[in-house]
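Below is one structure, written out as structure tokens; the observations come after it.
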Ligand code: MLT
């Protein structure tokens with residue numbers, strides 16, 4: 001037996017596991033202190049009514065012989081694929097049903113898709129970046145190169161024609177910075193990818209937070225993208241499915257063999273998302289569901305505004321929050337990210353995510369999420385103001 005030596009090249013533990021461990025240690029030592037978690041982007045509002053009703057109905061169906069279902073199609077039931085298809089049509093993106101694959105979330109598919117690509121590809125990721133893009137490639141032993149996202153380019157880097165890349169990751173609205181590309185900027189990436197014969201892996205997990213109608217919510221709103229991009233989306237942040245697990249991946253047929261390879265991969269290694277969950281997901285796209293999830297998204301956007309207003313009043317530089325649940329701030333007093341993490345935990349019992357955990361350009365920065373409750377967000381900001389106001 002030989003182990004995969006590439007694992008030795010990973011950080012010792014996954015970013016959010018490291019944070020959880022630190023917080024658990026702190027709470028064990030300080031049981032009387034109320035810790036407010038604005039770290040991992042996990043939602044707090046419950047599933048909306050349209051979804052829970054659909055889930056209940058599906059549970060009942062599963063308990064009756066006539067409507068019971070066993071294995072479903074690995075790519076997802078047509079009723080959900082159709083709902084996703086219509087969702088795209090509303091934004092003038094036409095997809096065929098067999099270009100849509102129902103998944104258990106964006107994170108798994110962002111990693112799983114790599115089965116389709118040779119180890120010899122060079123991967124281009126922005127820095128800072130969602131750690132999954134880097135770690136999954138490091139596990140496979142692929143070469144990773146970086147494009148710098150920083151204050152100068154407003155955390156929206158554009159491609160450098162002199163850098164050769166085969167697989168390109170883009171997340172917009174971005175995790176962790178909250179920055180969102182406009183159509184022209186995404187067009188630059190699509191043109192670059194085509195000139196390199198590269199593929200873009202587009203993470204659209206935060207698309208529902210885009211507030212400006214003119215900003216793209218899908219890479220397929222960009223001309224030529226179907227020839228060079230795969231899109232990943234999730235209902236985790238859109239509809240509170242972090243614990244329910246459902247998402248979708250779009251692999252255009254224009255990508256040639258990749259669509260068929262993905263079918264082959266999924267039919268071999270994946271048995272599909274549970275029927276019950278897919279019925280709940282279908283309800284997200286219903287008229288009632290859309291109305292209810294928008295209310296929830298607006299609730300989080302209000303939180304983002306409270307965070308942003310507080311930081312402004314403390315004179316702390318920050319971006320994000322407008323088209324995203326994340327606020328990306330410069331650590332006060334030139335602290336590095338992890339020092340600030342400890343400082344904030346010790347002195348305000350507020351947990352955030354150190355920017356350094358997302359890459360070298362993230363050092364000196366910090367991420368807060370607006371996914372907390374309204375009360376906790378207000379309380380956290382009161383504590384923030386006391387420390388830095
Ligand atoms: C995050 O906090 O970056 C996300 O919640 C992680 C994820 O979606 O897997």
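Restricting to the stretch 77-125, count the residues that are within 16 Å of the ligand (Cβ to nearest atom) and either more than 17 Å from the chain's Cα centre (by Cα) or closer than 20 Å to residue 283 by Cβ (or both). Please lay out each step first, then the result.
Taking the stretch 77-125 and keeping what is within 16 Å of the ligand (Cβ to nearest atom), we get 103-113, 125.
So of that shortlist, the ones also either more than 17 Å from the chain's Cα centre (by Cα) or closer than 20 Å to residue 283 by Cβ (or both) come out as 103-106.
Adding up the residues that qualify gives 4.
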Exercise. If you go through the stretch 45-66 one residue at a time, do you hit one that is farther than 15 Å from residue 246 by Cα, within 16 Å of the ligand (Cβ to nearest atom) and surrounded by 14 or more Cβ atoms within 10 Å (Cβ to Cβ)?
Worked result: yes
Problem set entry | Which numbered condition residue 106 fails, given (1) surrounded by fewer than 17 Cβ atoms within 10 Å (Cβ to Cβ); (2) under 21 Å from residue 193 (Cβ atoms) | (1)
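Of these, 382, 360, which one is closer than 25 Å to residue 126 by Cα and out of contact with any helix residue (DSSP H, G or I) (no Cβ under 8 Å at 6 or more places or on another chain)?
Numbers: 382 fails: closer than 25 Å to residue 126 by Cα.
After applying the criteria, what remains is 360.
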For this session: With the condition kept exactly as written, say whether any residue in the stretch 220-231 is at pLDDT 95 or above, crowded, with 21+ Cβ neighbours inside 10 Å and under 13 Å from the mean Cα position of the chain (by Cα).
Result: yes
Exercise. If only one of 206, 248 is in contact (Cβ under 8 Å) with a residue 60 or more places away in the chain and farther than 22 Å from residue 322 by Cα, which one is it?
Worked result: 248
Exercise. When only residues in the stretch 318-341 that are in contact (Cβ under 8 Å) with a residue 60 or more places away in the chain and not in a strand (DSSP E or B) count, which is surrounded by the most Cβ atoms within 10 Å (Cβ to Cβ)?
Worked result: 324
Seminar exercise, completed: Scanning the stretch 295-308 for residues that are touching a helix residue (DSSP H, G or I) at 6+ places or on another chain (Cβ under 9 Å) and without any contact (Cβ under 8 Å) to a residue 12 or more places away in the chain gives none
Exercise. If you take just the helices (runs of 4 or more DSSP H) that sit entirely in the stretch 166-273, which of them hold at least 1 residues that are within 16 Å of the ligand (Cβ to nearest atom)?
Worked result: 236-239
Exercise. Pick from the stretch 304-317 the residues that are within 22 Å of the chain's Cα centre (by Cα) and under 23 Å from residue 129 (Cα atoms): which of them is surrounded by the most Cβ atoms within 10 Å (Cβ to Cβ)?
Worked result: 307
Seminar exercise, completed: Scanning the stretch 109-139 for residues that are within 18 Å of residue 75 (Cβ to Cβ) and surrounded by 21 or more Cβ atoms within 10 Å (Cβ to Cβ) gives 109, 110, 113
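The values are calculated or read from the model by the stated rules, or taken from the named source; none is laboratory data. These numbers were taken from a predicted model, which means no experiment stands behind them. Ideal geometry is used to build each Cβ from the backbone, glycine not excepted, and the neighbour counts take in all protein chains shown.
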